[in-house]
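Take a look at the structure below.
The values are calculated or read from the model by the stated rules, or taken from the named source; none is laboratory data. The shown structure was predicted, so the numbers you read here are calculated from the model rather than taken from an experiment. No Cβ is skipped: glycine too gets one built from the backbone with ideal geometry, and neighbour counts run over all protein chains shown.
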Amino acid sequence: MRKKELALAVIDRLKQEYPEAGCTLDYNEAWKLLVSVRLAAQCTDARVNVVVEKLYEKFPDVDALAAAPVEEIEAIVHPCGLGKSKAKDISACMKQLKEVYGGQVPDNFDLLLKLPGVGRKSANLIMGDVFGKPAIVTDTHCIRLCNRIGLVDDIREPKKVEMALWKIVPPEEGNDLCHRFVLHGREVCTARTKPYCDKCCLADICKKRI
């Protein structure tokens, strides 16, 4: 099966398995997703969702967070790990949003990449989830599953995986597919335990049954 055909089959099956696909980070404004995705590095989404509630109680908008002392941000986000660097990035990012974009998150991928603490994964997540534009979020689940299934061949670098997927995944499917990879990676094609291939909806088309 060619990679494009495989990709379409994977998309179809994961749609049936996980009809509701979406980001597991809680947010109701674009800037909040920017904050959460920065905090989610090496931290669970569940913990981030708890921590940001306290952060937004004290700093409820972009202006408040931009004006907040970095030390106060760090004290709140510390449970997410890497508190010092995350607080510094969040502070700088909010300042830039306030000063350059009037408190609004830009809907342009290249402009998002210029924001402090925002990489390709974060920018794609914003583009897809907030603005409904084509996006491919290559997190650890996506990279692991794409290599196992055979959508990419022994590629571990996130940007290279992203570029490879753009060639075989229909643009309108990329964002939801990556969310479904997360769900499937957590429940079935796991990293820390042996994958549950016996109950995998992709077992018969997967390149690497473990």
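Against the test of being of a type in the set (K, R) and either closer than 17 Å to A21 by Cβ or not assigned by TED's automatic domain parsing to the domain that holds Q16 (or both), the options R156, R144, R148, R180 yield a single qualifying residue, R180. When A66 is tested against (1) under 15 Å from S36 (Cβ atoms); (2) of a type outside the set (V, I, T); (3) touching a Lys or Arg at 6+ places or on another chain (Cβ under 6 Å), only condition (1) is not met.
Note on the range 76-104: residues that are within 18 Å of V130 (Cα to Cα) and either buried (at least 22 other Cβ atoms within 10 Å of the Cβ) or without any contact (Cβ under 8 Å) to a residue 40 or more places away in the chain (or both) total 5. Here the helices (runs of 4 or more DSSP H) wholly within the range 78-193 that include at least 2 residues being closer than 27 Å to V62 by Cβ are 83-101, 109-113, 120-125, 174-187. Residue-level check: of (1) touching a helix residue (DSSP H, G or I) at 6+ places or on another chain (Cβ under 7 Å); (2) free of Cβ contacts under 8 Å to residues at least 60 places away in the same chain, E172 misses just (1). Can you tell me which condition C197 does not meet? The list is (1) in contact (Cβ under 8 Å) with a residue 12 or more places away in the chain; (2) under 20 Å from K15 (Cα atoms); (3) touching a helix residue (DSSP H, G or I) at 6+ places or on another chain (Cβ under 7 Å), and all the others hold. Just one mismatch for C197, condition (3).
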